[in-house]
Amino acid sequence: MSHLGMLRAGALVAGLTAVAMPPAHAASPCPPVDLPQQALQAVNALRAQGARCAGRWLPEAPALLWSAAAAQAATVHAADMAGQATLAHRGSDGSQGGERLDRAGYVWSSWGENLGQGHRSVAALVAHWTASPGHCANLLNPRFTELGMACARSASGEPYWAMTLARPSSDRPSR
């Protein structure tokens, strides 16, 4: 191959590389591939140390476990919020978090829900929730033993997040 041919081939490869590489400002994946690990790591790190929520110290709490059923409830709600482009605890069908857990087959004794919009990472979202009294209290609530989390994008690309925190009924453990 001539020197000119090698330059053209090199330019073509460089051009293809530039097209294949996402720009630095591209949105992060929603949900992240390793969402269960990221969620458990962020929330359990907070629970291991405790935190000040609205001026009130909440002590450490036991680590949470991932629940596929709670994640299913969160997935349904995150997709619903993204589809409606609305951040709300009440679903477009009128459901609340407990009903969504029921539909996912989770037999619960208590539940809580944290929602978010626009955050580009699990770490940023958990930091935001930690600064919010009610969300922080949910994250540190020792009654909860499991969590599930989901992220869905609206038509405009905005991420909508749902985290379902729960404790299974003593009648039948869920996961």
FRET efficiency estimate (nearest 0.05) - Cβ-Cβ, residue 124 to residue 65, R0 22 angstrom: 0.40
Label-to-label distance, nm, for residues given as residue 155 and residue 170 (7 Å Cα→Cβ offset): 4.9
Local electrostatic count at residue 120 - Lys and Arg +1, Asp and Glu -1, tallied over other residues with Cβ under 12 Å: 0
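Where does the charge balance sit around residue 90 when Lys and Arg score +1, Asp and Glu -1, over other residues with C-beta under 14 Å from its C-beta?
Summing Lys and Arg as +1 and Asp and Glu as -1 gives -3.
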Most positive-pole-ward Cα, 109, 126, 74, against dipole of the stretch 65-175 from beta carbon charges: 126
Estimated inter-spin distance, residue 57 and residue 37, nm [label 7 Å along Cα→Cβ]: 3.4
At R0 = 25 Å, FRET efficiency that the Cβ-Cβ distance of residue 117 and residue 28 yields, to 0.05: 0.95
More than 24 Å apart - percent of Cα-Cα pairs taken over the stretch 78-175: 22
Proximal charge balance of residue 140 [Cβ under 11 Å; K/R count +1, D/E count -1]: +3
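Applying a 10 Å radius around every beta-carbon, put 138-147, 160-169 in order of their mean neighbour count, most first.
Values: 138-147: 20.1, 160-169: 25.0.
Top of the packing list down: 160-169, 138-147.
To the nearest 20 debye, what is the magnitude of the charge dipole of the stretch 77-126 about its Cα centre, counting +1 on the Cβ of each Lys and Arg and -1 on the Cβ of each Asp and Glu?
For this selection, approximately 160 debye.
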Heavy-atom accessible surface of the stretch 91-141: percent carbon and sulfur, 1.4 Å: 54
Compactness of the stretch 22-130 - radius of gyration and Dmax, Cα, Å: 15.1, 46
Three-way shape call for the stretch 119-175 based on the alpha-carbon gyration tensor, with the a/c threshold at 1.5: oblate
Computed label-point distance, nm, for sites residue 45 and residue 141 using a 7 Å Cα→Cβ extension: 2.4
Förster radius 22 Å - calculated FRET efficiency between residue 90 and residue 110, Cβ distance, rounded to 0.05: 0.70
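The values are calculated or read from the model by the stated rules, or taken from the named source; none is laboratory data. Because the structure is predicted, anything quoted here is derived from the model rather than measured. Counting neighbours? That spans all protein chains shown, and the Cβs are built from the backbone with ideal geometry, glycine included. We work out accessible area using only protein heavy atoms, side chains counted, and drop any ligands, DNA or RNA first. Shrake-Rupley method; radii C 1.70, N 1.55, O 1.52, S 1.80 Å.
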